[in-house]
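The values are calculated or read from the model by the stated rules, or taken from the named source; none is laboratory data. Remember, predicted model here, so these are calculated numbers, not experimental data. Note that each Cβ is placed from the backbone with ideal geometry, even for glycine, and that neighbours are counted across all protein chains shown. The protein model used for the area step is the full one, side chains on, heavy atoms only, and it has no ligands, DNA or RNA in it. Shrake-Rupley method; radii C 1.70, N 1.55, O 1.52, S 1.80 Å.
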Amino acid sequence: MKTTEDMYSEERKEYFNFKKTLLKYWRYRYSFLIILAVLCVLALAVVIIVPPAYEVTASITVLDEERGGSKNDIYSVNKLFYSGRDWLNTENEVEVLKSTSLIERVVSNLGMFVEYKSGGLLKKHLPAADSPILAVADSGMLERMASAIDITVAPATASEAVVTVKTEVNGDEWEKKETVSRLPAAVATPFGRVTLSGSLERTKALDKDLHIRLSSPVEAAMASADRLSVSLLSRTSSVVSLEYKCPDRQEGMNFLAELVKCYNQNANADKNRVARRTQEFLQKRIAVISEDLDMTDLRLEEFKRQAGLTDMSVDTREFREENSMYDKDLHEVETQLGLLQHLKSFMQKAENRENLVPSDIGLRDVNLSNNINAHNQLVLDYQRLSRTSSDSNPVTANMRSQITTSYDGLLATLESSYTGMLITKNELERKTRQYSSRISNVPANERVLTDIMRQQENKQSLYLDLLKKLEENTLMLDAVTENAKFIDLPYASANPTSPSKKILLLATLFMALVATTLWMIFRELFSTKVIAADEIGKTLKKARVVGKIPFSSHIGRADVGAMVTQVKMLMDDRNQKGVCLFSTHDGDGKTFVAASLAGELGRMGKKTLLLRMNLRDDAPRGNGTAADEWVVEPSAEDRRLQECIVTGDADYLREIISSQTFAERLENLFCEYDYVVIDSVSVEHLPNTLQLLRLAGYGLYVCRLGHTRRKSIEELAAIDDSGSLPAFDVVVNYYK
C-alpha cells in the first residue's frame, strides 16, 4: 500500500496533468470558435478593403571601379575625353537613386501625381490606361498647388456627368459642382484649370463614380520614395537591387524603368557640364589665335614683297640646323606660356571662382592638371548636392569653403608654373642670343624672316592643338554614357504580394488561440474564488468546518490529529462507518486528506479500509462490478489499515457507482471494517460522485483557499439546501 507521502506526490502530479488540464479547458471551445469566426470576418474585411499590392523587382549594375563595374566603351578608348567624375561610388549612387528630386522627375514624366479610382465606399485603383477620363493640369499649376485636389465624376446619363471638385484653401474646405455634357472640358480650381478628356460613355459603362486625385509632384514623389527600396547586393559588389510596391504591376515596372533612365540622364548632364565649359573656352581661344595667325601671315607676305625675297634656305641652312634644338625648346615653352597666360586670365575673373575650370587644354604640367581635375570634381559634387540641399546646409557650406580653398591653391600653382616657365624661356632666349652673335653677318632680312616664321609656327601649333582638343570635347558631348545598366529587367509576379491570404489565415488562427488563451486566463484570474474560511461557513449553512490544515509534503501527524479526532467523534455520534471525501476540482487536496484520515484511524487501532476511486482514461475496463475484482492490499504503515483501488475511465466508474452491486459491496465493507474512507473523483470530472456521498451516509468536502471557486460552493449549498444530500462537513486546505 502507498504511504501518505506517495499519495501527496501522486496528487501533485495529477494536478499538473496536461491532458486533464486540456479537458478542463475544453469547455471554452465555443469561445474559441466564436473568436475564430470574428477574426475570420475581420480578415475577410482586410482582404476586401486593403487594396492589393504588387512587388516589382529589378537589379542594376552601377559603374564603380573599386567594385568591378565596367566603363562605357568611349571611356575605354580615350580617358582624355572626359576629365570629370570618371568612377562612381556605389554607396553614393544608392542615395542618389533614392533621392526625392530624382523620383520627382520620374513621377512628373509618368504623370504619377494623378491617381484614378472607381467605386463608392470601397474604391478600386484604376491604372491611367484603363481610366475612361484623364485629367491634365495647366502649365505651372502643379507648382502653385498648396493641397491636393479631389475630383469626382458621377455619371448622370450617357452624355452627362456631375463633376465635383474638392480641395483646401488656407485651411478652409473649397468645393464646386458642375455638369459636364461633353469632353474635353476645363474645370476651374483655386490653383488653375484642370482639363478632363476621355469618354463619358465609358464612365457610364463603369456604373460607378470615378475619383481623380491630383497631388503635387513633390508629395507624390515622397509617397513613391516610401514604397521604393534600394539596396546593395553585397559590400563587394556594384550590383544594386530595386524593389517597388504599388497597386498596379505595369505601373511599377514603368516606374523602375523610368527611374534608371532619369538617373542615366542626370549622369550625362553632369558629364556634359564640364564638356560644355571646356568647349566655350576652346572656341574663344581658337578665335583669338586664328586672328593672330592671320596677322602673322599678312606680315610675312608683306615683308617678302618689300624685300624681294624668294628662297633663303640655302643661305640659312646651317643656321637652322644648329639652331633647331633651341628653337624647338623655345617653341614648346612659348606654347605652354600662351596656354598658361590664357588660363590665368580666365581664372582671374571673379565670376569664374565657383565655376568649372577648363581642364584638358594641352598643359604639360601634370601637377597643375591634377589640381584642376580635383577642383572640378569638388565643383561637380557641390552643384549636385545643391540641387537637393539649401545653402544653409552645413555640408553645402563646407563644400563651398573647400571650393574657395581649392581655387586659391590652384591660382598659386598656376602662378608658380607660369613663373618657372618664364625662367626657362629667358634661359633659352639667352642661349639663342649667344648663338645669334656668331651669325651676325647674316643679313638682317634673314633674322626678321626667322622671327616672323617662328611666330607663325608657334601660333599655328597652338591653333592645331586647340582644334584637336575641341574635336575631342565635341565627341565627348555627343557620347551617351550609361552609369546604370539593367541586369534583371523590372518584373512583378502575376499575384499580389499583399495582403497575403496564407499569412492572414495563419495570423487569424494564431490570434484566435491567443485570444482564447487570454480569455481563459482572464476567467481563471478574475473568477471569484474562496479566499477565507469564514465564507465557507456562511455559504454552507448546514456544514461545519472540522479541519484547517496547511497542505504540504512536510505536514506531521499533529497537524491532522485534531481533524481526525473531530471527524471520528462525528461519525461515532451518527453511527456512521463510511465517510466519502469529495471536492469540486482537482488539486483541492482531497486525496491527501483521505490518506491522512485513514492512516490516523488505523494507528488508533481501528480496522480501516481506504477505498480509492482512480480515474484514468487509458485504464483497461473491468469485466463488471463483481466483488472479486476488488483487490485489497495491506498498508505498509499499519496492519489494521488496508487499501482498495478501483481504476477505470469515467464511463466505467459511473457505471460502477450506479450499480446495485456496488451498493451491496459497500454494505458488506461497512460490516467488515470499523471505518471505510472513500477517496472519490472530483465532481468536475465525475458528477455522480455525489451518489457516493449518499451511499456512504457521511462526507467531508475538501476545499482549497485561493483555488476553489465561490460559485462551486454556492452550487453545492443549493443542492444541500434542497435536502438531496446527506450530512457532510468541510476541511479547509490553506496551501497556496
Any chance you could count how many residues in the range 540-580 are basic (K, R), more than 17 Å from A598 (Cβ to Cβ) and at pLDDT 70 or above? 1
If only one of L666, L705 is of a type in the set (A, V, I, L, M, F, W, C) and at pLDDT 80 or above, which one is it? L666
Taking first residues from the range 400-429 that are charged (D, E, K, R) and second residues anywhere that are assigned to a helix (DSSP H, G or I), the pairs with Cβ under 8 Å that are 6 or more apart or on different chains are R400/Y382; E415/K344; K425/L330; K425/V333; K425/E334; K425/L337; E429/L330
Please return the ranges of helices (runs of 4 or more DSSP H) entirely within the range 127-236 where 1 or more residues are within 34 Å of the chain's Cα centre (by Cα). 141-144, 217-227
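Any chance the range 480-488 includes a residue that's under 22 Å from the mean Cα position of the chain (by Cα) and modelled with pLDDT of 70 or more?
Quick first cut of the range 480-488, residues under 22 Å from the mean Cα position of the chain (by Cα) only: none.
Within the range 480-488 (the criterion being under 22 Å from the mean Cα position of the chain (by Cα) and modelled with pLDDT of 70 or more), the answer is no, since none of the residues qualifies.
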Just checking, how many residues over the range 203-243 are of a type in the set (S, T, N, Q) and within 30 Å of V162 (Cβ to Cβ)? 3
So, in the range 603-624, of the ones that are surrounded by 12 or more Cβ atoms within 10 Å (Cβ to Cβ), over 22 Å from Q576 (Cβ atoms) and in contact with a strand residue (DSSP E or B) (Cβ under 7 Å, 6 or more places away or on another chain), which residue ends up modelled with the highest pLDDT? N614
Over the range 713-736, the set of residues surrounded by fewer than 19 Cβ atoms within 10 Å (Cβ to Cβ) and not hydrophobic (A, V, I, L, M, F, W, C) is E714, E715, D721, S722, G723, S724, P726, Y734, Y735, K736
Could you count how many residues in the range 328-377 are part of a helix (DSSP H, G or I), more than 16 Å from Y407 (Cβ to Cβ) and either open to solvent by less than 30 Å² (accessible area, probe 1.4 Å) or among the acidic types (D, E) (or both)? 11
Suppose we filter S131, S139 for residues that are out of contact with any helix residue (DSSP H, G or I) (no Cβ under 7 Å at 6 or more places or on another chain), open to solvent by less than 20 Å² (accessible area, probe 1.4 Å), at pLDDT below 85 and within 22 Å of A220 (Cβ to Cβ); which single one remains? S131
Sole residue being of a type in the set (S, T, Y), within 50 Å of the chain's Cα centre (by Cα) and open to solvent by 50 Å² or more (accessible area, probe 1.4 Å), chosen from T396, T388, T419: T388
Can you pull out the residues in the range 154-164 that are in contact with a Pro (Cβ under 9 Å, 6 or more places away or on another chain) and modelled with pLDDT of 85 or more? V162
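Looking only at the range 625-632, decide whether some residue is modelled with pLDDT of 80 or more and either in contact with a strand residue (DSSP E or B) (Cβ under 9 Å, 6 or more places away or on another chain) or open to solvent by 80 Å² or more (accessible area, probe 1.4 Å) (or both). Spell out how you get there, then give the answer.
To start, the set of residues in the range 625-632 that are modelled with pLDDT of 80 or more comprises 632.
Still in the running and either in contact with a strand residue (DSSP E or B) (Cβ under 9 Å, 6 or more places away or on another chain) or open to solvent by 80 Å² or more (accessible area, probe 1.4 Å) (or both): 632.
Looking through the range 625-632, at least one residue is modelled with pLDDT of 80 or more and either in contact with a strand residue (DSSP E or B) (Cβ under 9 Å, 6 or more places away or on another chain) or open to solvent by 80 Å² or more (accessible area, probe 1.4 Å) (or both).
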Taking R639, is it out of contact with any strand residue (DSSP E or B) (no Cβ under 9 Å at 6 or more places or on another chain), among the basic types (K, R) and modelled with pLDDT under 80? yes
Go over the candidates T413, T450, T388, T405 one by one and state the one that is more than 28 Å from E291 (Cα to Cα) and at pLDDT below 80. T388
Within the set of pairs 6 or more residues apart or between chains, which connect a residue that is open to solvent by 60 Å² or more (accessible area, probe 1.4 Å) inside the range 652-678 to a residue that is outside any helix (DSSP H, G or I) with Cβ atoms less than 7 Å apart? R654/L686; R654/N688; S658/N688; D674/K577; D674/K606; D674/K607; D674/T608
When the range 47-70 is checked residue by residue, the ones that are at pLDDT below 65, out of contact with any Phe, Trp or Tyr (no Cβ under 8 Å at 6 or more places or on another chain) and either hydrophobic (A, V, I, L, M, F, W, C) or part of a helix (DSSP H, G or I) (or both) are V47, I48, I49, V50, R67
Considering only residues that are surrounded by 22 or more Cβ atoms within 10 Å (Cβ to Cβ) and among the small types (G, A, S), which ones fall in the range 249-266? G252
Residue under evaluation S159, criteria (1) closer than 30 Å to S386 by Cα; (2) touching a residue at least 40 places away in the same chain (Cβ under 8 Å), criterion not met: (1)
Residue pairs within 6 Å by beta carbon, gap of at least six or interchain, first lying in the range 139-156 and within 19 Å of S197 (Cα to Cα), second open to solvent by less than 40 Å² (accessible area, probe 1.4 Å) and of a type in the set (F, W, Y), listed first then second, are M141/F191
Hey, E291 hits all of (1) in contact (Cβ under 8 Å) with a residue 12 or more places away in the chain; (2) open to solvent by 20 Å² or more (accessible area, probe 1.4 Å) but one; which does it fall short on? (1)
Being farther than 19 Å from E115 by Cα, in contact with a strand residue (DSSP E or B) (Cβ under 8 Å, 6 or more places away or on another chain) and not in a strand (DSSP E or B) is the filter here; which residues of the range 237-256 pass it? S238
